[in-house]
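See structure below.
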Amino acid sequence: MKILFVHQNFPGQFLHLAPALVDRGHQVVALTDETNTRTSPITTYRYRKPEGRPDPREARLGTTYAEMTNRAYRAARAARQLRDKHGFVPDVVFGHGGWGETLFLREIWPEARHLLYAELYYSPHGLDVGFDPEFGTADDDKKFAVIARQGHQALMMTQCDAALSPTEFQADTFPTCFRDKITIIHDGIDTDRLRPDPQARAVLPSGVEFRAGDEVLTFVNRNLEPYRGYHSFVRALPEVLRARPKAQVVIIGGDDVSYGPRPGGGRTWKEIFLDEVRDRIDLSRVHFTGKVPYPTFAALMQCTRVHCYLTVPFVLSWSLLEAMSAGALVVGSRTAPVEELIRDGVTGRLVDFFDTAEIAETLIDGLADPVASDPLRAAARALIVENYDLKRLCLPRLIGFVEGVA
């Protein structure tokens with residue numbers, strides 16, 4: 001078959017799937033944003049990125065819709081060139097539903113089967129909006145804006161023949177009228193690579209070195225921000241470091257914003273919340289690494305004694321499953337996406353997202369007695385191997401999803 005992947009940050013969630021389909025003899029190409037710098041062995045075409053954002057004074061609550069349809073228009077123009085100048089007519093078009101790119105592609109290739117990666121459906125109730133009152137409540141204006149943001153998502157769901165979500169929680173954010181279109185298959189975790197290793201050794205960019213068994217507490221975000229509970233974690237650190245004088249803390253993540261609002265005044269969320277506790281912690285024991293190469297992250301998950309993962313009700317991070325696969329004890333937030341993976345006292349520990357004292361106490365317990373957590377580590381690893389293994393489970397299912405609907 002001829003298969004086209006569409007993703008503004010390709011390969012994104014198709015990192016393993018696209019090359020696997022090439023290995024099976026399919027012709028696979030990708031369409032991505034011209035500014036995307038990620039590399040891939042897949043033949044990749046680029047569409048011109050829309051210039052600027054729509055003026056919110058004119059678009060008002062339709063700003064996001066206008067932005068996404070502008071992107072969809074650019075992607076469709078590039079698709080028309082793929083068809084007319086290069087003669088490329090795919091059997092399958094598989095795109096991510098977050099940025100509107102696939103919205104008009106059925107008009108370019110009506111003969112293709114159109115698949116959608118349905119990552120999350122925005123909602124004014126029960127998800128991220130208004131979850132953390134520290135950053136504002138969900139007033140009418142915010143709710144109206146969220147409903148307006150559903151526009152391109154709903155249209156893309158009506159356009160696709162079938163959709164894919166990585167978790168039950170994420171699939172269930174979609175309205176009932178779309179739910180029957182969605183198949184649940186996770187992107188997959190390489191459990192052969194991310195496995196317990198008593199000989200593991202992790203070296204930070206600063207040169208600091210840790211080995212499996214060291215008293216290390218880890219926290220990982222793509223960017224350090226409130227959506228992923230950075231503020232709750234940092235506020236727990238003074239008590240953790242006081243109670244565990246030999247503990248070392250490694251915090252991985254950039255200074256930008258992936259989700260939610262940016263802080264004002266030209267500052268970063270990292271600085272704002274670190275400043276709250278700076279005079280109450282020993283910074284020589286807290287290692288901010290920024291973003292690190294994947295092998296460094298994987299080694300840290302094998303070395304860590306406790307890994308903390310917090311999130312508002314939102315998209316679930318791969319890092320949670322990767323930590324569990326590596327045999328880490330995970331202390332996670334008692335929020336719906338995390339509860340799909342972690343049962344308290346069985347596959348990890350759950351804490352209230354907002355309760356700094358409970359977070360600190362649970363982290364201290366895990367650091368103090370690693371042997372007591374061995375059954376939880378083993379159960380967490382078994383859960384990932386049995387349900388989320390990349391090579392043996394998820395990738396074959398993903399291939400079947402693409403090939404089967406064609």
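The values are calculated or read from the model by the stated rules, or taken from the named source; none is laboratory data. Note that this is a predicted model, so its numbers are computed, not measured. FYI the Cβ positions are ideal-geometry reconstructions off the backbone, even for glycines, and counts take in every protein chain you see. SASA here: full protein model, heavy atoms, side chains in, ligands and nucleic acids out. Shrake-Rupley method; radii C 1.70, N 1.55, O 1.52, S 1.80 Å.
Considering only the range 178-208, state which residues are of a type in the set (Asp, Glu) and open to solvent by 70 Å² or more (accessible area, probe 1.4 Å). Even if it seems obvious, please write down each step before you answer.
Step one: of the range 178-208, the residues of a type in the set (Asp, Glu) are 180, 187, 190, 192, 197.
The one that is of a type in the set (Asp, Glu) and open to solvent by 70 Å² or more (accessible area, probe 1.4 Å): Asp180.
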Note to self: Looking at the structure I just gave you, is Tyr45 under 28 Å from the mean Cα position of the chain (by Cα), closer than 21 Å to Pro19 by Cα and of a type outside the set (Val, Ile, Thr)?
What the structure shows: yes
Margin query: List the residue pairs whose Cβ atoms are under 7 Å apart, where the first residue sits in the range 370-381 and is at pLDDT 95 or above, the second is among the small types (Gly, Ala, Ser), and the two are 6 or more positions apart or on different chains.
Written below: Ser373/Gly366; Leu376/Gly348; Arg377/Gly327; Arg377/Ala328; Ala380/Gly348; Arg381/Ser325; Arg381/Gly327
Next item on the list: With the condition kept exactly as written, say whether any residue in the range 22-34 is surrounded by 22 or more Cβ atoms within 10 Å (Cβ to Cβ), of a type outside the set (Phe, Trp, Tyr) and not in a strand (DSSP E or B).
Entry: no
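The rows are residues; the columns are (1) hydrophobic (A, V, I, L, M, F, W, C); (2) open to solvent by 20 Å² or more (accessible area, probe 1.4 Å); (3) in a helix (DSSP H, G or I).
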position	(1), (2), (3)
Phe297	yes, no, yes
Thr311	no, no, no
Ser319	no, no, yes
Ala323	yes, no, yes
Ala328	yes, no, no
Glu361	no, yes, yes
Leu376	yes, yes, yes
Ile384	yes, no, yes
Next item on the list: Identify all residues within the range 330-344 that are surrounded by 20 or more Cβ atoms within 10 Å (Cβ to Cβ), farther than 19 Å from His231 by Cβ and free of Cβ contacts under 8 Å to residues at least 40 places away in the same chain; write none if there are none.
Entry: Ile342
Note to self: For the range 345-359, which positions are under 14 Å from Met324 (Cβ atoms) and either open to solvent by 70 Å² or more (accessible area, probe 1.4 Å) or in contact with a Cys (Cβ under 7 Å, 6 or more places away or on another chain) (or both)?
What the structure shows: Arg349
Check: Where residues in the range 135-157 are among the hydrophobic types (A, V, I, L, M, F, W, C) and open to solvent by less than 50 Å² (accessible area, probe 1.4 Å), which of them is nearest to Val6 (Cα to Cα)?
Finding: Met156
Check: From the set of residues in the range 211-228 that are touching a Leu at 6+ places or on another chain (Cβ under 7 Å) and not polar (S, T, N, Q), which is surrounded by the fewest Cβ atoms within 10 Å (Cβ to Cβ)?
Finding: Glu215
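Under the condition of being part of a helix (DSSP H, G or I) and either free of Cβ contacts under 8 Å to residues at least 24 places away in the same chain or of a type in the set (Asp, Glu) (or both), which residue from the range 229-246 is surrounded by the most Cβ atoms within 10 Å (Cβ to Cβ)? Break it down stepwise before answering.
Going through the range 229-246, the residues part of a helix (DSSP H, G or I) turn out to be 230-243.
Next, only the ones that are either free of Cβ contacts under 8 Å to residues at least 24 places away in the same chain or of a type in the set (Asp, Glu) (or both) stay: 239, 242.
Working: Glu239: 19, Arg242: 14.
For the range 229-246, the residue satisfying everything is Glu239.
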Next item on the list: Return a yes/no flag: does the range 184-196 have any residue that is outside any loop (DSSP other than H, G, I, E, B), touching a residue at least 12 places away in the same chain (Cβ under 8 Å) and farther than 26 Å from Val250 by Cβ.
Entry: yes
Checklist line | Single residue of Asp132, Asp55 found to be modelled with pLDDT under 90, charged (D, E, K, R), surrounded by fewer than 20 Cβ atoms within 10 Å (Cβ to Cβ) and farther than 26 Å from Ala163 by Cα | finding: Asp55
Margin query: Condition first: on the phi > 0 side of the Ramachandran plot and modelled with pLDDT of 95 or more. Now tell me which residues in the range 232-274 satisfy that.
Written below: Gly253
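The rows are residues; the columns are (1) small (Gly, Ala, Ser); (2) more than 19 Å from the chain's Cα centre (by Cα).
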site	(1), (2)
Asp192	no, yes
Gly229	yes, no
Val234	no, yes
Val249	no, yes
Asp255	no, no
Gly260	yes, no
Leu274	no, yes
Ser284	yes, yes
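Run down Arg60, Arg74, Arg80, Arg38 and say which single residue is assigned to a helix (DSSP H, G or I), surrounded by fewer than 17 Cβ atoms within 10 Å (Cβ to Cβ) and touching a residue at least 24 places away in the same chain (Cβ under 8 Å).
Values: Arg60 fails: touching a residue at least 24 places away in the same chain (Cβ under 8 Å); Arg74 fails: surrounded by fewer than 17 Cβ atoms within 10 Å (Cβ to Cβ); Arg38 fails: assigned to a helix (DSSP H, G or I).
On inspection, the qualifying residue turns out to be Arg80.
For the range 158-177, enumerate the residues that are touching a residue at least 24 places away in the same chain (Cβ under 8 Å), of a type in the set (Val, Ile, Thr) and open to solvent by 20 Å² or more (accessible area, probe 1.4 Å). First the steps, then the outcome.
Taking the range 158-177 first, the residues touching a residue at least 24 places away in the same chain (Cβ under 8 Å) are 159-171, 173-175.
Add one more test, that the residue is of a type in the set (Val, Ile, Thr), and what stays is 167, 173.
Within the range 158-177, just Thr173 meets the criteria.
Would you confirm, using the coordinates I've provided, whether Val89 is surrounded by fewer than 22 Cβ atoms within 10 Å (Cβ to Cβ), aliphatic (A, V, I, L, M) and in a loop (DSSP other than H, G, I, E, B)? Even if it seems obvious, please write down each step before you answer.
Working: surrounded by fewer than 22 Cβ atoms within 10 Å (Cβ to Cβ): yes; aliphatic (A, V, I, L, M): yes; in a loop (DSSP other than H, G, I, E, B): yes.
It is true that Val89 is surrounded by fewer than 22 Cβ atoms within 10 Å (Cβ to Cβ), aliphatic (A, V, I, L, M) and in a loop (DSSP other than H, G, I, E, B).
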